[in-house]
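Here the structure is laid out as structure tokens; the discussion comes afterwards.
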Amino acid sequence: MTILLTGIGLLATQDAELGEIPEAALVIEDDRIAWVGAASSAPAADERVELGGRAVVPGFVDSHAHLVFAGDRTAEFAARMAGMPYAAGGIRTTVAATRAATDAALRVNLARLRTELVRAGVTTFECKSGYGLDVATEERSLRVAREFTDETTFLGAHVVPPDIDRDDYLAQVTGPMLDACAPYARWIDAFCEVGAFDGDETRAVLTAGTAKGLGARVHANQLTTGPGVRIAVELGAASADHCTHLTDEDVDALAGSGTVATLLPLAEFSTRSPYPDARRLLDAGAAVALATDCNPGSAYSTSMPLAIALAVREMRMTPAEAVHAATATGAKALRRNDIGSLTPGRRADLVVLDAPSYVHLAYRPGVPLVAEVWQSGTRVA
Ligand code: NIG
Ligand code: FE
């Protein structure tokens, strides 16, 4: 079964060789991309879809999201907008609600957020645990997450929950909790931050996870400069996420590594914090990804288009760089080479925009420009 999408005003492939193709077409064969090029030289296909000059980009890859939780933190957000600072401790409010929730309730909430993500053009998303923080709730968080995505991440090291000694908790995270969660997780993550975990603790958690076959990713340098980025690079983590407060050494370490700097501007937006300096990272040669960080505390948004607009407006990325970061580099942050660009052989995951160019994602902030979403060759929104 082949489908020809034609009349594409601008096809931003995110493939280094194919680049951006005006007046383009694309052929899908089953779940994969079979051909891309000028519409005038497109091959015949079983079905033909005319896109009327609209732009096409790869499906967005949201490589950082916390989607298994119950309740919300409306009051905390309102208090913050009235002047309260953001701190790691708010996580505990969501932990209480998540522990009290049934699997069915967690599933309903995650399904709702997945629907939002897909409507925003996201075709692959990562999902962390981290609001259970006991063996049973972390395990069931990941079991539920696995029903929705293969990109699941064990984040037992989010904060130390109340009513447990710090060393006892760390022994759980690196022992029985890891054992219970590893079968449902691809990745392990730790929140390396004042008020969460220090460098030695982060290293111990990540090392225990990688010894179990999980890949490492780190919440690093979100609220303060600290050792998170250096540990991520040292351990060969797939990504160091947030990267809001970086020293020159951190920037150099990222630039000389295979670790992606994943920036999460919706968190800075929602905590009224200074944005990370994407330009500094890109100019140094680091790989920069953008993701939502969707979670009920610091960034309750599923909007990759808004993340792109903020990255352009506030973080000195060009529109082309921001779209690349939300697609191809997001795929790199998940160490995936089957998604992230519109290259023959890759999954047919793509977004049709109600605009002649992807530049409109930043030029028209807040406007719902995602017109169609195709995932593995099927239209899903
Ligand atoms: O990525 N930084 C740690 N975790 C989340 C926030 C979690 C919360 O406040 O509930 C983040 O911003
Ligand atoms: Fe996060």
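Where a number appears in this text, it was derived from the coordinates with a stated rule and is not lab data. Bear in mind the structure is a predicted one, so any value in this text is a computation, not a measurement. Neighbour counts run over all protein chains shown; Cβ positions are idealised from the backbone, glycine included.
If each residue of separation counts as 0.36 nm, what is the full-extension length gain between GLU23 and ARG92 once their alpha-carbon separation is subtracted?
Values: separation 69, 0.36 × 69 = 24.84 nm, distance 5.15 nm.
Full extension of this stretch gives 19.7 nm more.
Taking the Cα centre of the chain as the origin, how large is its charge dipole in debye, to the nearest 20, when only Lys and Arg (+1) and Asp and Glu (-1) carry charge on their Cβ atoms?
On the way: 33 positive and 48 negative charges, 132 e Å.
Around 640 debye, computed over the chain.
Once you put a point 7 Å from the Cα of GLU147 and another 7 Å from the Cα of THR74, both along the Cβ direction, what distance in nm separates them?
Label-label distance for GLU147 and THR74, simple model: 2.6 nm.
Sequence gap at least 6, Cα distance under 8 Å: using those rules, report the relative contact order of the chain to the nearest whole percent. Mind dumping the intermediate values first?
Numbers: 960 pairs, mean separation 76.0, N = 381.
Dividing the mean separation by the residue count of the chain yields 20 percent.
What net charge do the residues around PRO296 carry, taking every other residue with its C-beta under 10 Å from that of PRO296, with Lys and Arg at +1 and Asp and Glu at -1? Numbers along the way, then the final one.
Values: positive: ARG73; negative: ASP72, GLU76.
Cβ neighbours under 10 Å give a net charge of -1.
I need the peptides 191-203, 28-40, 76-88, 228-240 ranked by packing, meaning the mean over residues of other C-beta atoms within 10 angstrom, with the highest value on top.
On the way: 191-203: 19.8, 28-40: 17.0, 76-88: 13.9, 228-240: 24.0.
The densest-packed peptide leads the list: 228-240, 191-203, 28-40, 76-88.
Give the percent of DSSP beta bridges with both residues in the range 217-333 that are antiparallel, rounded to the nearest 5. Provide the component values of the computation, followed by the final result.
On the way: 1 of 11 bridges.
In the range 217-333, DSSP labels about 10 percent of beta bridges as antiparallel.
What is the antiparallel percent of DSSP beta bridges lying wholly in the range 60-333, to the nearest 5? Provide the component values of the computation, followed by the final result.
Values: 1 of 26 bridges.
Antiparallel bridges make up about 5 percent of those DSSP assigns within the range 60-333.
With the crude spin-label approximation of a point 7 Å out along Cα→Cβ, what separation in nm comes out for ARG272 versus VAL367?
2.9 nm
Order 359-366, 43-50 from most to least packed using the mean count of other Cβ atoms within 10 Å. Let's see the in-between values first.
Details: 359-366: 17.6, 43-50: 13.0.
Result, highest mean Cβ count within 10 Å first: 359-366, 43-50.
Per 0.36 nm of contour for each residue apart, how much would the distance between ALA38 and ASP338 grow if the chain were fully extended, relative to their Cα-Cα spacing? Walk me through the numbers before you get to the answer.
Numbers: separation 300, 0.36 × 300 = 108.00 nm, distance 2.28 nm.
That works out to 105.7 nm of additional length.
Given a Förster distance of 25 angstrom, what is the FRET efficiency for ARG119 paired with ALA16, based on the Cβ-Cβ distance and rounded to 0.05? Before the final figure, lay out the partial values.
Numbers: r = 30 Å, r/R0 = 1.18.
Efficiency at R0 = 25 Å is approximately 0.25.
Distance between Cα centroids, the range 307-325 to the range 189-206: provide it in whole Å.
29 Å
If you average the sequence gap of Cα pairs under 8 Å that are 6 or more apart and divide by the length of the range 1-113, what percent do you get for the contact order? Could the numbers behind the result be given before it?
Details: 169 pairs, mean separation 27.7, N = 113.
Relative contact order of the range 1-113: 24 percent.
Just to confirm the filter: which trypsin sites (Lys or Arg not before Pro) across the range 257-302 are DSSP coil and have at most 12 other Cβ within 10 angstrom of their Cβ? Write down the numbers at each step before the final one.
Working: sites: ARG272, ARG279, ARG280; in loops: ARG272.
For trypsin sites (Lys or Arg not before Pro) across the range 257-302 that sit outside H, G, I, E and B with at most 12 neighbouring Cβ atoms in 10 Å, the list reads ARG272.
When the chain is treated as a GNM, springs tying every alpha-carbon pair under 10 Å, which of ALA328, ALA136, ALA309 comes out with the largest mean-square fluctuation?
Maximum among the listed residues: ALA136.
On the first, second and third principal axes, largest extent first, how far apart are the outermost C-alpha atoms of the range 60-333 in Å?
44, 37, 36
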